[in-house]
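Only one structure is covered here, and it is reproduced in the block below.
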Amino acid sequence: MQPGTEFPAQTFRVTRADLVRYAGASGDFNPIHWSDRQAIAVGLPGVIAHGMLTMGLAGQAVACWVGGTASIVEFSTRFANPVVVPDDDKGTEIVVTGVVKKVLEDGLVQIDVSATCQGEKALGAAKALVRNQ
Amino acid sequence: MGRVYPPTPPYEVGREKIREFADAVFATDPVHRDLAEARAHGYRDVIAPPTFAIILSQIAGQQLVDDPSFGMDYSRVVHGGQTFRYERPIEAGDHLTTVMTVEEISSRAGHAFLTTRHEVATVEGEQVVTVWTRLVIRGEG
């Protein structure tokens, strides 16, 4: 992995059922992730995906790129725009891309990760440090 | 600021919980589901996806919601950012306990910004992962 290496984009389709599945698996039952009524009451356009679901999908993309999840030693992000998930069968799409930013002295590789939905940033300044295998 | 909460009761990491979480984040690496595959990679048992430790962070973070002296209104909380730094992957069979420290509290533009650090270790004392959770507590009005 050399600086500037770009990884193939990974696209994930996320529906309301995926939000319910993530809520159950993670234990995050915040109603903004399953109730339009409660999401709208706090000023959101509707139900949004858990930020940690988007980060989890980004983690899956990185694991694919680097040949396994165990290579990831550090992973961080800001949460930028909310990912609105409509109540239909199609849901929405999250596109994850990545590029090698630099190779550090200890052999770790920094990958800058981008995740967008409807052309807007879902994650900000996301990056993963991985072992070069 | 700098406040340290007591260690959480041990959380036993189960194989099926790892599989369930892996399904939820679309994780396809066989080391999350297949014991033989995990062992072939040198692990004792199946290993968790990299964001699994959010479960430990959330359990520890509940102490802030329950602490009357802290007075956090959960309905105003927005997730601002998240960091995981791993010593090793979380494995099924780990008994994990978390010590949470309030690392930073600040206020700007009417909102409060809170960073907590969560040191996750086995009950035997082996450090596994450090988690930083950054929350924004939106001001009223």
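Annotation for the range B:82-119: GluC sites (Glu not before Pro) lying in DSSP loop with at most 13 further Cβ atoms inside 10 Å of their Cβ are B:GLU87.
Here the spin labels are modelled as points 7 Å beyond Cα on the Cα-Cβ line, and at B:GLN62 and B:SER107 they lie 3.0 nm apart.
Legend: calculated FRET efficiency, B:ARG39 to A:ARG78, from the Cβ-Cβ distance at R0 = 41 Å, rounded to 0.05, equals 0.65. When the alpha carbon coordinates of the range A:6-131 are projected onto the principal axes, the ranges are 51, 29, 24 Å, largest first. Ordered by the count of other Cβ atoms within 10 Å of each Cβ, fewest first, B:ASP94, A:ASP106, B:ASP23 give A:ASP106, B:ASP23, B:ASP94. Starting from the Cα of A:GLU120, step 7 Å toward the Cβ, then list every residue of the range A:58-73 with an amide N under 20 Å from that point. From the range A:58-73, the list is A:58.
Note on chain B: helix-only mean residue ellipticity at 222 nm, from DSSP H runs of 4+ residues weighted -39500 (n - 2.57) and normalised by residue number, equals -6000 deg cm²/dmol. The loop-placed trypsin sites (Lys or Arg not before Pro) in the range A:1-94, going by DSSP, that have at most 13 neighbouring Cβ atoms within 10 Å of their Cβ come out as A:LYS90. Checking every one of the chymotrypsin sites (Phe, Trp or Tyr not before Pro) in the range A:1-100 against DSSP loop status and a limit of 13 other Cβ atoms within 10 Å picks out A:PHE29. Charging the Cβ of each Asp and Glu at -1 and of each Lys and Arg at +1, and nothing else, the dipole of chain A about its Cα centre rounds to 100 debye. Peptide B:47-58 has a mean of 5 when you count, residue by residue, the C-beta atoms of other protein chains within 10 Å of its C-beta. Shown for B:PHE113, B:PHE52: other C-beta atoms within 10 Å of each C-beta, ranked fewest to most, produce the order B:PHE113, B:PHE52. Cβ crowding within 10 Å, taken as a proxy for footprinting-reagent exposure, orders B:ILE105, B:ILE137, B:ILE47 from fewest neighbours to most as B:ILE105, B:ILE137, B:ILE47.
All other residues whose Cβ lies under 10 angstrom from that of B:THR116 are scored, Lys and Arg at +1 and Asp and Glu at -1, for a net of +1.
Readers should treat all values here as calculations from the given coordinates under stated rules, not as data from a laboratory. Quick caveat: nothing in here was measured; it's all calculated off a predicted structure. When we count neighbours, we look across all protein chains shown, and the Cβ atoms used for this are built from the backbone with ideal geometry, even at glycine.
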